[in-house]
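Here the structure is laid out as structure tokens; the discussion comes afterwards.
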Amino acid sequence: MSANQRPRPNPQSDDSESGDSGILNERILVLVFESINWDPHVLCLTACVNRKLRAIAKRLLWRKLCVSRAPRMIAALVNGAPNGRVGGGWNALAKLLFFCCGCDPTRNFWVNRASPGHFVKATRFSKTSGRSFLTKKCRGDLLYVSDPCEHPMGDNEEDLGVYRGVFRGFTKSKTRAYLIRRQVELEERIRCPYCGARVWSMTAAKLVPKSASRRLGSHEGRLEYFVCLNGHLYGTCWLARLSSDDEDDDYDEDDEDDEDEYYGNDAVHTKGGHDPVDETHES
Ligand SMILES: [Zn+2]
Ligand SMILES: [Zn+2]
């Protein structure tokens, strides 16, 4: 046996280490998670139990959870990827579905204090919204973006909006090709809160179309967003207070296909008044 092969489980060892025990049987695990509606908190805990469960979660369970909560969005994201992979892995995508990353001040977006990330009960992701974040040249890309999550910042300040999204097949996207062709530099210190990869500031790259602020309900130039090497998008904006003049502000023609919008993870289990919004889990 070579040094890096692990010994077979000893028949007398604890059953939880054996491949045949119920908890490591993938079909049983899937049934258990189906019965609890793929509760992401339980899956976080399960993936922390040991290396085997972490590996099963990474290969199978996070994907199943994403598909169960956002079937249409996931089907669109893996279309054309024969092995059904997503950039950054399924655990990163699951985190993106369930976790608002909050906001830290950056060189292009100043806030007085950081606003922490948190679990979210429900998020609407939409490719119609995503299209508003693509410049004309990059409109062929498929991008889903969430509605902004509102973070109150105090009485005298506007609310902060925090949003997130994901590209389909980012490695082959026009957005990535454009960033590389223009030799836009990756940010020095900032890392993607979902997968840990390096990011481009779309603000620094001057790739923020006017439609993005309109879509968010922000004013032009009062937002920033980043895209990571794996195609996750996240960002912040100041949410404009509505005046009567703003209310019938017309959106662009893209709103016609709003029926394509998709409600994501709107079924997070909450038991006994337990509120997932106040928790921050590592996933
Ligand atoms: Zn939030
Ligand atoms: Zn990422």
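The values are calculated or read from the model by the stated rules, or taken from the named source; none is laboratory data. Being a predicted model, the structure only gives us computed values, none of them experimental. Note: ideal-geometry Cβ built from the backbone for every residue, glycine included; neighbour counts use all protein chains shown.
Condition first: within 16 Å of ligand 2 (Cβ to nearest atom) and part of a strand (DSSP E or B). Now tell me which residues in the range 107-125 satisfy that. First the steps, then the outcome.
First, pick out the residues of the range 107-125 that are within 16 Å of ligand 2 (Cβ to nearest atom): 117, 125.
Matches in the range 107-125: Phe125 only.
Take Cys100 and decide whether it is away from ligand 2 (no atom under 14 Å from the Cβ), at pLDDT 95 or above and hydrophobic (A, V, I, L, M, F, W, C).
Here the answer is yes, as Cys100 does meet what is asked.
Please find, within the range 145-158, the residue that is farthest from ligand 1 (Cβ to nearest atom) out of those that are at pLDDT 90 or above and touching a Leu at 6+ places or on another chain (Cβ under 6 Å).
Once the filter is applied, the top-ranked residue is Pro148.
Provide a single number: the residues in the range 122-155 that are surrounded by fewer than 17 Cβ atoms within 10 Å (Cβ to Cβ) and in contact with an Asp or Glu (Cβ under 6 Å, 6 or more places away or on another chain).
Counting residues in the range 122-155 that are surrounded by fewer than 17 Cβ atoms within 10 Å (Cβ to Cβ) and in contact with an Asp or Glu (Cβ under 6 Å, 6 or more places away or on another chain) gives 4.
Have a look at Val78, Val67, Val49, Val120 and point out the one that is at pLDDT below 95 and over 25 Å from Gly165 (Cβ atoms).
On the way: Val78 fails: over 25 Å from Gly165 (Cβ atoms); Val67 fails: over 25 Å from Gly165 (Cβ atoms); Val120 fails: over 25 Å from Gly165 (Cβ atoms).
Residue meeting the stated conditions: Val49.
For Glu158, indicate whether it is touching a strand residue (DSSP E or B) at 6+ places or on another chain (Cβ under 7 Å) and surrounded by fewer than 16 Cβ atoms within 10 Å (Cβ to Cβ). Please lay out each step first, then the result.
Working: touching a strand residue (DSSP E or B) at 6+ places or on another chain (Cβ under 7 Å): yes; surrounded by fewer than 16 Cβ atoms within 10 Å (Cβ to Cβ): no.
Taking the combined requirement at face value, the residue does not satisfy it.
If we scan the range 80-101, do we find a residue that is within 16 Å of ligand 1 (Cβ to nearest atom), under 13 Å from the mean Cα position of the chain (by Cα) and in a loop (DSSP other than H, G, I, E, B)?
Start the filter on the range 80-101 by keeping residues that are within 16 Å of ligand 1 (Cβ to nearest atom), which leaves 95-101.
This time we only want the ones that are under 13 Å from the mean Cα position of the chain (by Cα), so: 95-101.
Keeping just the survivors that are in a loop (DSSP other than H, G, I, E, B) gives 101.
Yes: one or more hits.
Given Ser132, Ser173, which one is within 16 Å of ligand 2 (Cβ to nearest atom), at pLDDT 95 or above and small (Gly, Ala, Ser)? So that I can check it myself, show each step before the final result.
On the way: Ser132 fails: within 16 Å of ligand 2 (Cβ to nearest atom).
The match here is Ser173.
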